[in-house]
1. Exactly one condition in (1) open to solvent by less than 10 Å² (accessible area, probe 1.4 Å); (2) on the phi > 0 side of the Ramachandran plot; (3) within 19 Å of the chain's Cα centre (by Cα) is false for Gly290; which is it?
2. Out of the residues in segment 223-243 that are over 19 Å from the mean Cα position of the chain (by Cα) and acidic (Asp, Glu), which is farthest from Phe253 (Cα to Cα)?
3. I'd like the full set of residues that are small (Gly, Ala, Ser) and open to solvent by less than 10 Å² (accessible area, probe 1.4 Å), limited to segment 121-163.
4. Any idea which residue in segment 270-310 is farthest from Glu332 (Cα to Cα), counting only those that are of a type in the set (S, T, N, Q) and part of a loop (DSSP other than H, G, I, E, B)?
5. How about segment 343-358: which of its residues are under 21 Å from the mean Cα position of the chain (by Cα) and either open to solvent by less than 20 Å² (accessible area, probe 1.4 Å) or within 13 Å of Asp302 (Cα to Cα) (or both)?
6. Please return the ranges of strands (runs of 3 or more DSSP E) entirely within segment 121-235 where 2 or more residues are among the polar types (S, T, N, Q).
7. Can you confirm whether segment 43-54 contains a residue that is modelled with pLDDT under 95, out of contact with any helix residue (DSSP H, G or I) (no Cβ under 6 Å at 6 or more places or on another chain), open to solvent by 60 Å² or more (accessible area, probe 1.4 Å) and under 19 Å from Arg147 (Cα atoms)?
Amino acid sequence: MPLSNVLLPAAVGAVMALVPLAHDVSAADASPSVASVACQGARTCYVDVSVAQIWVSPDKVRTVDAKALTNPVDIRGWFAAMAHDIDLRRDVAGETQALYGGRVTVVDTTTKDGALWDKVVVHGQPTPRDEAGYPGWMPDRQLTKLRKKAPSGTIAERVTSPTARGYASRRALAAGDRSNGGTEYSFNTEFAVKPVAGAPSVVEARANDGTPIYFERGALAKVPMSGVTGDDMVAEARKFLGLEYLWSGTAGFGYDCSGLTSQVYSALGMTIPRDSQPQFDAGGGAAPAGSAEGERITSPADLRPGDVVGFGSSTSNVTHVGIYVGRNDKGEPMMINSPKTGERVREEPLTNRPFVGATRFIAS
């Protein structure tokens, strides 16, 4: 994904007429942490919805984006609202997303049509634009200043499937009952987790406010601390074959090209830049603050599985990335990538695009 996007004028007033100023919670959609307190002037806050869109400006939000502004958020409803028009999905006025529980630093606030908005930097998404994290705006209602310390006996685990549903009670989990607090969380969302006595197929996670969320045991796992290989990266990326492209997407509901590569690496314990050009530049000694350094690979003949392959008109104009897979039975070099709006994550030959080089983040 490039570092900028074409922005269209938007009728923000119409959006805000659809979005309540306080948490709008129905019994069917209630999030376990919906009673949390928004930022209210705090500098360090945490994402309090399953996926938060990070907007370039409150002024650029469109009427069709209303479902992406609430708490709880309705990401699938937002996708559905844009489904009839490819231009709506192409022209999302944002460049990244943040996952539930993610830490942000609030650097400014504004009020738009009666709603409070926070300018934030999202930690864990390295970018040359700000050494603290990825900048953008989000509704204050989607943040919380409350983050209770994880209780003893818990360990950090992350969602391992494209999405996983958590429930406010074991009974609701057993019934698969969305009316009792079921919330769909993205791949790579991190929770403090502990086993449930007498229920080996269930784990108990903690919401921002300390309340429990129950998941099936196989839905989460610890991040590997060492020994990750390029083949591991490829296997992780293949989980998303067929997933629809979303400009700005960094969640298992839809990825853009660099959202896919950065989140696959993050899930396996390595932080790389958020966007395409910085991912490429990290292989040439120009990794932004917080990112792993890489090695420049110039020839397709030298590629190894897991390398981040770059495409564009030149090494200074890298507009697309993917994850190198290896060669197919015809000897063609292949990659997994999220191609563009209207298409889905797929495995395809590198020769379909103008290859300019690659970054190797995994030494062996």
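1. Status for Gly290: all satisfied but (1).
2. Asp231
3. Gly133, Gly136
4. Among those that are of a type in the set (S, T, N, Q) and part of a loop (DSSP other than H, G, I, E, B), it is Ser291.
5. Val345
6. On the way: elements: 134-139, 155-159, 163-166, 183-186, 190-196, 199-206, 212-216.
Hits in segment 121-235: 183-186.
7. Taking every residue of segment 43-54 in turn, none turns out to be modelled with pLDDT under 95, out of contact with any helix residue (DSSP H, G or I) (no Cβ under 6 Å at 6 or more places or on another chain), open to solvent by 60 Å² or more (accessible area, probe 1.4 Å) and under 19 Å from Arg147 (Cα atoms).
Residues checked against (1) buried (at least 24 other Cβ atoms within 10 Å of the Cβ); (2) of a type in the set (D, E, K, R); (3) touching a residue at least 60 places away in the same chain (Cβ under 8 Å); (4) farther than 20 Å from Gly133 by Cβ:
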site: Val56; (1), (2), (3), (4): no, no, yes, no
site: Asn71; (1), (2), (3), (4): yes, no, yes, yes
site: Arg76; (1), (2), (3), (4): no, yes, yes, yes
site: Phe79; (1), (2), (3), (4): no, no, yes, yes
site: Asp85; (1), (2), (3), (4): no, yes, no, yes
site: Ala93; (1), (2), (3), (4): yes, no, yes, no
site: Gln97; (1), (2), (3), (4): yes, no, yes, no
site: Arg103; (1), (2), (3), (4): no, yes, no, no
site: Lys119; (1), (2), (3), (4): no, yes, no, no
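The values are calculated or read from the model by the stated rules, or taken from the named source; none is laboratory data. Everything numeric in this text was worked out from a predicted model, so none of it was measured. A quick note on method: Cβ atoms are made from the backbone with ideal geometry, for glycine too, and the neighbour counts reach across all protein chains shown. Accessible surface is based on the protein model in full, side chains and every heavy atom, while ligands, DNA and RNA are left aside. Shrake-Rupley method; radii C 1.70, N 1.55, O 1.52, S 1.80 Å.
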